[in-house]
Each structure stands twice: as structure tokens, then as C-alpha cells.
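J.: Structure incoming, see below.
Every read-out reported here was derived from the displayed coordinates using simple, explicitly stated rules and does not represent laboratory data. Note that the coordinates shown come from a computational prediction; the quantities given were computed from them, not determined experimentally. Cβ placement follows ideal geometry from the backbone for every residue including glycine, while neighbour counts extend to all protein chains displayed.
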Amino acid sequence: MNIKSCAVCRFKRKRCSETSIMAPYFPISRTAEYHKSQNVSGVTNIVKMLAAVSPHDRGATVESIIMDGTVSYKDPVLRTLEIVLDLRSQIHSLKNEIVTLRHKLAFLPEREKQPLEASVNIPQIVRV
Ligand SMILES: [Zn+2]
């Protein structure tokens, strides 16, 4: 077996090509993640996704694909729903905290606002 082969080539039992778009992101050490990812997304779709993004964004894309595959492996029905709901809950809590802080800031005397406004950049609330 070729020692330098990637998880994809090992799975397909072929010689690894240096031009493979997936080889840098799925080394042998990530074989388990590759299996879970290709079961959920399919090899062809993973290659299409990597080809569609810039080389700079491919690492983050692969991490997202692996996360989806890992979560889907654990819970094939709900998949990433639990994570999405948790993130929505966090966004909701943070929006409420921002509203509360803005309310408190509005009632502070002017002399106390200056250092706060200069040091804290409170983002505008965006609807999700
Ligand atoms: Zn390979």
C-alpha cells in the first residue's frame, strides 16, 4: 500500500494523485471522518463543493462537511438540527442582552457614557 495515500484513495484502493483536490484535506489520519462525510454527502458532491469555493476557503468547507458527517452519523434523523437550534437560542439570548445593555446605557449619565461608548462596539441587531 502507498504510504502517502489519502483516506479517499485508500477507500477507493487506488494510487493517490498529487493533483487530487481532496488529498490535502483527508489524510490517512482522517479516514474515519472521511467515511462519515462521504456517507452523508457523497464523494462527488464533496469534490463539487471543494471545487466551488476558493482554495483559501476549502479548509473551512471540509471542516463543515466533516462536522455534518459526524453529527449525522450520531443522529441520522435530526442531523445538525440540534446545533442549529442551540445557535439560534444563543443568538436570541445575546440579542436580549444587547437590548438590555442598550437600555442601561441610555439611562447612564453622559459623563459615564463616554468611556463605555469608546471602548465597547455594540453591534446592530440583525434579524435572523
Ligand atoms: Zn489520494
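J.: Given the pairs 12/48; 14/74; 4/74; 36/95; 14/36, which span a C-alpha to C-alpha distance of over 27 angstrom in this model?
T.: From the list (12/48; 14/74; 4/74; 36/95; 14/36), the Cα-Cα distance tops 27 Å for 14/74; 4/74; 36/95.
J.: Hey, what do the phi angles of region 11-19 turn into as Karplus ³J(HN,Hα) couplings, whole Hz, using 6.51/-1.76/1.60 and θ = phi - 60°, x for Gly and Pro?
T.: 5, 7, 6, 9, 6, 6, 9, 5, 8
J.: Moving on. Which trypsin sites (Lys or Arg not before Pro) in region 1-83 pass both tests, a DSSP loop state and at most 14 other beta-carbon atoms within 10 Å?
T.: In loop regions of region 1-83 (DSSP not H, G, I, E or B), the sparsely surrounded trypsin sites (Lys or Arg not before Pro) are 4, 13, 14, 15.
J.: Something else: Using only the Cα atoms of region 7-74, build the gyration tensor, take square roots of its eigenvalues as a ≥ b ≥ c, and label the shape rounded, prolate or oblate: rounded if a/c is under 1.5, else prolate if a/b is larger than b/c, else oblate.
T.: Here region 7-74 falls in the oblate category.
J.: Using only the Cα atoms of the chain, construct the convex hull and provide its projected area averaged over every direction, in square nanometres to one decimal.
T.: Result: 11.5 nm².
J.: Quick test of your reading: applying the under-4.7 Å Cβ rule, which cysteines of the chain are isolated?
T.: Result for the chain is 6, no neighbouring Cys Cβ within the cutoff.
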